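Reading through the structure tokens given below for one structure.
Coordinate-derived values only; no laboratory data. In this text, all values refer to a predicted model and were calculated from it rather than measured experimentally. Neighbour counts run over all protein chains shown; Cβ positions are idealised from the backbone, glycine included.
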Amino acid sequence: MVGPRPGLRRDTQETRDRLLVAFGELLAESGPTFGLPELARRGGVATATAYRHFETIHDAHHEFLLQLTDRLTDRLTGRLQSVPPTWTPRRRFDAACERWAEQAADWGPAAVHIRSWRGFLERVHLGDEPTGALYAALEPIVRDLIDQGELPDQDVEYAVLVWITMFDERVIVDLRESKGWPVQRLARVLGRSVLSALGGTPT
């Protein structure tokens, strides 16, 4: 999980966090067209300070992507831990979809500009920690849907990949900006599309 770095002083960590916030703002505004000097200016620090945190702008790209994945996983896990144990697998799936859409609507305008060149399952198999944590949050929901007959028996990795693909932040941002859909509608429609694609019967 991406979080405060061990050994960093509090003020140093706060500066790093501020630079990552600035990175997201610049990315959403203009895409990946800026360098560390521009990042430093937006973050309100000296250029030398930015270079102490990130050797290159690509290092900032990488850490920002890890932070987004980590945040999504935390929000999904927290939401699922808060639901009553009596909830059906379908209600847990719907709750996860809504929380996912909320998060993607928030950071999607920045995230659409940065993509890993590796596939999702490839990163899981390679042991990428944030991607593996996200998979671990989604996989039990899919298994429960299969066990309860909401989905036919199938390859669980494939099913999670379809879910990930359908909730791509580019899709969510496009529907928000082009169609004006609220988060609840995004979650409902995309969730039903996931179930349909996997052979389920949306209700």
Going fewest to most other Cβ atoms within 10 Å around each Cβ, Val83, Val160, Val189 line up as Val83, Val189, Val160
Per-residue Cβ contact counts at 10 Å, fewest first, order Arg188, Arg16 as Arg188, Arg16
Everything considered on the Cα gyration tensor (a ≥ b ≥ c; rounded for a/c under 1.5, else prolate if a/b is larger than b/c, else oblate), segment 88-203 must be described as oblate
If one compares the long axis through the Cα atoms of helix 57-82 with the longest principal axis of the Cα atoms of the chain, the angle in degrees, nearest 10, works out at 40 degrees
The extension gain from Asp59 to Ala46, computed as 0.36 nm times the residue separation minus the Cα-Cα distance, is 2.9 nm
Place a point 7 Å from the Cα of Arg170 in the direction of its beta carbon; the residues of segment 101-134 whose amide N falls under 17 Å from it are 104-105, 107-121
Between the alpha carbon centres of segment 144-158 and segment 20-51 the gap in Å comes to 44 Å
For segment 1-93, listing GluC sites (Glu not before Pro) in a DSSP loop whose Cβ sees at most 13 other Cβ atoms within 10 Å gives Glu55
Pro152 neighbourhood, Cβ < 15 Å, K/R = +1, D/E = -1, net charge -3
Each label sits 7 Å from Cα toward the beta-carbon; between Gln184 and Ser30 the label points are separated, in nm, by 3.9 nm
Mean Cβ-within-10 Å packing, highest first, puts peptides 41-53, 127-139 in the order 127-139, 41-53
Once both label points are put 7 Å beyond Cα along the C-beta direction, the Asp147-Thr86 separation in nm becomes 2.0 nm
So the angle from the long Cα axis of helix 129-147 to the longest Cα principal axis of the chain, reported in degrees to the nearest 10, equals 10 degrees
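What net charge do the residues around Ile172 carry, taking every other residue with its C-beta under 13 Å from that of Ile172, with Lys and Arg at +1 and Asp and Glu at -1?
Working: positive: Arg99, Arg170, Arg176, Lys179, Arg185, Arg188; negative: Glu98, Glu102, Asp106, Asp168, Glu169, Asp174, Glu177.
In short, -1.
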Where a ≥ b ≥ c are root eigenvalues of the Cα gyration tensor, a/c under 1.5 meaning rounded, otherwise prolate if a/b exceeds b/c and oblate otherwise, segment 83-149 counts as oblate
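If you wrap segment 10-58's Cα atoms in a convex hull and average its projection over all directions, what's the area in nm²?
2.9 nm²
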Helix 10-30 sits off the longest principal axis of the Cα atoms of the chain, rounded to the nearest 10 on a 0 to 90 degree scale, by 70 degrees
Where a ≥ b ≥ c are root eigenvalues of the Cα gyration tensor, a/c under 1.5 meaning rounded, otherwise prolate if a/b exceeds b/c and oblate otherwise, segment 137-203 counts as prolate
Residues Thr73, Thr15, Thr56, Thr86 in order from fewest to most other beta-carbon atoms within 10 Å are Thr86, Thr56, Thr15, Thr73
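So how much slack lies between Thr77 and Glu139, counting 0.36 nm per residue of separation and subtracting their Cα-Cα distance, in nm? Could you put the intermediate results ahead of the total?
Details: separation 62, 0.36 × 62 = 22.32 nm, distance 1.18 nm.
21.1 nm is the gain from fully extending Thr77 to Glu139.
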With -39,500 (n - 2.57) per DSSP H segment of 4 or more residues and division by the full residue count of the chain, the 222 nm estimate, nearest 500 deg cm²/dmol, is -22500 deg cm²/dmol
